[in-house]
Each structure stands twice: as structure tokens, then as C-alpha cells.
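Take this structure first; my questions come after.
Derivation of every value follows stated rules applied to the coordinates shown; laboratory data play no part. Just so you know, these numbers come straight off a predicted model, no measurement behind them. Glycine gets a Cβ as well: all are built from the backbone with ideal geometry, and neighbour counts include every protein chain shown.
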Amino acid sequence: PLSSAVRNFTLNFTVTNLQFTADLAMPNSKKFKSTEKVMYHYVDLLLKKSSIGPAYTGCKVTAFRSGRDRDDTGVDAVCSYKNNVSLASFDREKVYNELSTMTNGVTRLGHYSLEKNSLYVNG
């Protein structure tokens, strides 16, 4: 049997109704950890429904960063999937389009609002 290697891709987006605070920049803070859980929940739901869903293994928020406006927070995550025979190849454009559709044109992520042109998927 062929072994399946784990591959990573980055996912970045900006939330417009999550005010960036200094404690969001500290990975060990309560604010970082609680916000990370919420973001993981929403992103996890979307990626499980996407074309890489069967091979998707999870995401980890690597950073929250200050957005352009005071109320904006950028989210950086590294996501993983098993690169196996059942998944032809990671198609970042396809995943981007699926996530765009599932977030109402990159405007909604659960109860969060997204900056329309902020979604970035990089394989």
C-alpha cells in the first residue's frame, strides 16, 4: 500500500468585527486560545465540506495580526491534509472558490464578518 504524506497549506483572512488587542498577539494568552478555538471551529466546518474534506486533517492558527482598521484582525493558519491517491492533487484555486462560496463571497464566517478581498489560500 502507498503511504500518504501529510501536506500543508496556508489560509489567511481578515475578520472585520474582531478588534485586535495585544493579547491576541500572544499565543499563550487566554484571548488567543479562546479565539483560536472559535476560528478553528468555523474553518474546520468549511474545510470538511470542501473538495479536500476527505483528506483534511486539521488547521492550527499560527497568528492573529492587526488589520488595516482598528476593528480588523488578520488570521493566519496552517492547515494539513493527507496527500493520497483518492485526492488527485491539492487545487488551491478550487479550495479558494469553494471557501469563497461557503462564506457568502468572503463576507461571513459564522457570526464574524470578513474583509471581502482578504481570503488567501496557498498550497
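Taking the stretch 93-108 only, how many residues are without any contact (Cβ under 8 Å) to a residue 12 or more places away in the chain and on the phi > 0 side of the Ramachandran plot?
Summing the residues that are without any contact (Cβ under 8 Å) to a residue 12 or more places away in the chain and on the phi > 0 side of the Ramachandran plot in the stretch 93-108 gives 2.
So Asp91 fits all but one of (1) more than 22 Å from Gly123 (Cα to Cα); (2) more than 15 Å from the chain's Cα centre (by Cα); (3) surrounded by 14 or more Cβ atoms within 10 Å (Cβ to Cβ); (4) not aromatic (Phe, Trp, Tyr); what number is the exception?
Condition not satisfied by Asp91: (1).
Can I ask one more? For the stretch 3-36, name all the residues that are in contact with a strand residue (DSSP E or B) (Cβ under 9 Å, 6 or more places away or on another chain), of a type outside the set (S, T, N, Q) and surrounded by fewer than 13 Cβ atoms within 10 Å (Cβ to Cβ).
If the condition is that a residue be in contact with a strand residue (DSSP E or B) (Cβ under 9 Å, 6 or more places away or on another chain), of a type outside the set (S, T, N, Q) and surrounded by fewer than 13 Cβ atoms within 10 Å (Cβ to Cβ), then Ala5, Val6, Pro27 are the ones that fit.
I've got another one for you. Do the conditions hold for Asn117, that is, is it closer than 17 Å to Lys49 by Cβ and of a type in the set (S, T, N, Q)? If you could, list the steps in order and put the result at the bottom.
Numbers: closer than 17 Å to Lys49 by Cβ: no; of a type in the set (S, T, N, Q): yes.
No; evaluated as a whole, the condition is false for this residue.
Let me ask another. Consider the stretch 1-38. How many of its residues are touching a residue at least 40 places away in the same chain (Cβ under 8 Å) and not small (Gly, Ala, Ser)?
Matching residues across the stretch 1-38 total 18.
Oh, and also: Which residues, taken from the stretch 54-66, are within 17 Å of Val15 (Cβ to Cβ) and more than 16 Å from the chain's Cα centre (by Cα)?
If the condition is that a residue be within 17 Å of Val15 (Cβ to Cβ) and more than 16 Å from the chain's Cα centre (by Cα), then Ser66 is the only one that fits.
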